[in-house]
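Okay, structure first, notes after.
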Protein chains: 2
Amino acid sequence: MKTLSIIKIGGNVIDNSEKLNQFLLDFTALPGDKILIHGGGKIATELGVSLGVEAKMVEGRRITDIETLRIVTMVYAGLINKNMVAQLQAKGSNAIGLTGADGNIIKAVKRPVKDIDYGFVGDLDESSVSSDTLDSLLKAGLVPVLCAITHDGESQLLNTNADTIASAVAVAMSSLYDTSLIYCFEKRGVMRDIDDDQSLVPVIRMGEFETLKNEGVVSGGMIPKLHNAFEAIKSGVNAVYIGKADELPQIDQQNFGTRLIR
Amino acid sequence: MKTLSIIKIGGNVIDNSEKLNQFLLDFTALPGDKILIHGGGKIATELGVSLGVEAKMVEGRRITDIETLRIVTMVYAGLINKNMVAQLQAKGSNAIGLTGADGNIIKAVKRPVKDIDYGFVGDLDESSVSSDTLDSLLKAGLVPVLCAITHDGESQLLNTNADTIASAVAVAMSSLYDTSLIYCFEKRGVMRDIDDDQSLVPVIRMGEFETLKNEGVVSGGMIPKLHNAFEAIKSGVNAVYIGKADELPQIDQQNFGTRLIR
């Protein structure tokens, strides 16, 4: 099987034009087929402030009301996605920027209202990703760049977590490709000692996850992140990496972040 | 050769949600391969007002400064394009929304500064359209929906006239498809008597254009529109139609607007 890298970047890269430029160069240099997935960043919040649309929070959770959906559609699918595509084109990647509505690539379900009404937020399931359409684009030599907007198939766009999209795309593409899922975030990866930048845990096998949790090496927000990563591996993803965007070129030497494997 | 319809809609359809919904239904019902091209509408102007970005005009011409480019990128490529794609998906068209930067589909040149600096505006030439990439998308069963944003291949997005994009796409695709170019606008087509809605001129052959100009049947803004249409026909487009969006279903009976042919 051909290899496919699914790489997710977040606001810490998107909001810094120098970091973003370097990342897009490194991304372009990566061999094999690739899909880029990006979240938002400060720009959507700033546009909301300019337009007098306040961030709605309920019990500490962000709510996507109709005004917020308009803003994230403009910023994620328009401003960020298209500028990123234009930059990738200039660097030699034949990028194509997409939401989940485009080509029905990711069909979500509006999150059911239980205790909290999250508004226009989409949840994914195992049938959400159209792997055939993504495969057609890859075979045409294109590099899909997906933003964190999906649709419900009934005309409604939905705001959808970019980490979740990345994981669902990686799982769905695993039947066609030997897939790696790469999360770029602020830290170098899982650290044995949070104060020691040299204490990176280079590899975690599925069976070691419980031990690392018990030892406290994996704690807080890292627990669900790793849990989801191992779920993706159970569903066919070859390896999941968690690391710092500026160390991406080292992935060739398997020297990037923490590598999670079966 | 397979048939391909390239259809352009403008603000008069986009700004009216009922009209747009009906148009998207009619568009979906059209047989054969299709490409939709849309301009802007009032939304970009309204967003500009909300953000305190004034429309810049020089000698009656609109200037795309960097702030205006941000706004049109958000509104055309984000808000309008993605909502239209989600609606088309719900109606059964496998739409994929794109700018010219995506897949390098339309590479423009920033308009040179002569008397007026138009800012970030792109002009097209005969090599602008990547017909192979559009063909790959059509062959994958997708329906490209292009907005009026292109790029220069060096990271810069450019605001580009949607009529010009429609014409350039139709010409470029004529080597691969039997193409029709369909402009939807406010009127039923070329009218012999502007006050008589029954005076539609159903067909104009290239050789009749001069006579109709001399008779005053074609005047004002219609002259450059028809001139450009006949240029497209000279360059390989099979027929150009100019008519009203809500009469689109009649195109099957060759009963839509004014049909321009060789």
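The values are calculated or read from the model by the stated rules, or taken from the named source; none is laboratory data. Fair warning: this is a prediction, and the values are worked out from it, not measured in the lab. Counting neighbours? That spans all protein chains shown, and the Cβs are built from the backbone with ideal geometry, glycine included. These accessible areas exclude ligands, DNA and RNA; they are computed on the full protein's heavy atoms, side chains included. Shrake-Rupley method; radii C 1.70, N 1.55, O 1.52, S 1.80 Å.
Quick notes on this one:
- Residues that are more than 21 Å from B:Ile165 (Cβ to Cβ), in contact (Cβ under 8 Å) with a residue 24 or more places away in the chain and charged (D, E, K, R) within region B:7-25 comprise just one, B:Lys19.
- Tallying residues that are surrounded by fewer than 18 Cβ atoms within 10 Å (Cβ to Cβ), in a strand (DSSP E or B) and not assigned by TED's automatic domain parsing to the domain that holds A:Lys225 within region A:168-207 yields 1.
- When residues of region B:84-103 are limited to those that are free of Cβ contacts under 8 Å to residues at least 60 places away in the same chain and surrounded by fewer than 22 Cβ atoms within 10 Å (Cβ to Cβ), the one farthest from the other protein chains (Cβ to nearest Cβ): B:Asn94
- Residue within region B:39-53 that is within 14 Å of another protein chain (Cβ to nearest Cβ), over 27 Å from A:Gly48 (Cβ atoms), open to solvent by 20 Å² or more (accessible area, probe 1.4 Å) and outside any loop (DSSP other than H, G, I, E, B) present: no
- Candidate set from region B:113-143 (those that are touching a strand residue (DSSP E or B) at 6+ places or on another chain (Cβ under 6 Å), within 19 Å of B:His38 (Cβ to Cβ) and more than 14 Å from every other protein chain (Cβ to nearest Cβ)); member that is surrounded by the most Cβ atoms within 10 Å (Cβ to Cβ): B:Val129
- For region A:208-219, a residue qualifies if it is assigned to a loop (DSSP other than H, G, I, E, B) and open to solvent by less than 30 Å² (accessible area, probe 1.4 Å), and the qualifying residues are A:Val217, A:Val218.
- Residues satisfying the stated conditions in region B:220-234, i.e. out of contact with any Asp or Glu (no Cβ under 8 Å at 6 or more places or on another chain), open to solvent by 50 Å² or more (accessible area, probe 1.4 Å) and closer than 22 Å to B:Ala170 by Cβ: B:Gly221, B:Ile223, B:Pro224, B:His227, B:Glu231, B:Lys234
- Scanning region A:235-262 for residues that are surrounded by fewer than 18 Cβ atoms within 10 Å (Cβ to Cβ) and part of a loop (DSSP other than H, G, I, E, B) yields A:Ser235, A:Gly236, A:Gln254, A:Asn255, A:Arg262.
- Region A:144-163 - residue that is within 7 Å of chain B (Cβ to nearest Cβ) and small (Gly, Ala, Ser) and, of those, farthest from A:Thr73 (Cα to Cα): A:Gly153
Table: residues versus (1) in contact with a Lys or Arg (Cβ under 9 Å, 6 or more places away or on another chain); (2) modelled with pLDDT of 90 or more; (3) over 16 Å from A:Cys184 (Cβ atoms).
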| site | (1), (2), (3) |
| --- | --- |
| A:Glu210 | no, yes, yes |
| A:Pro224 | no, no, yes |
| A:His227 | no, yes, yes |
| A:Lys244 | yes, yes, no |
| A:Pro249 | no, yes, no |
| A:Leu260 | yes, yes, no |
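- The condition (being within 22 Å of A:Asp163 (Cα to Cα) and in contact (Cβ under 8 Å) with a residue 60 or more places away in the chain) is satisfied by just one residue among A:Lys213, A:Lys234, A:Lys187, A:Lys225: A:Lys225.
- Meets criteria (assigned to a helix (DSSP H, G or I) and open to solvent by less than 40 Å² (accessible area, probe 1.4 Å)) for B:Leu146: no
- Taking the numbered list (1) among the small types (Gly, Ala, Ser); (2) over 27 Å from A:Gly40 (Cβ atoms); (3) under 14 Å from the mean Cα position of the chain (by Cα) in turn, A:Ser175 passes all entries but (3).
- Residues of region B:159-213 classified as in contact with an Asp or Glu (Cβ under 6 Å, 6 or more places away or on another chain) and closer than 30 Å to A:Gln89 by Cβ, total: 1
- Qualifying residue in region B:66-73 (condition: under 30 Å from B:Ala140 (Cα atoms), crowded, with 17+ Cβ neighbours inside 10 Å, within 14 Å of chain A (Cβ to nearest Cβ) and at pLDDT 95 or above): yes
- Selection within region B:151-167 - crowded, with 23+ Cβ neighbours inside 10 Å and free of Cβ contacts under 8 Å to residues at least 40 places away in the same chain: none
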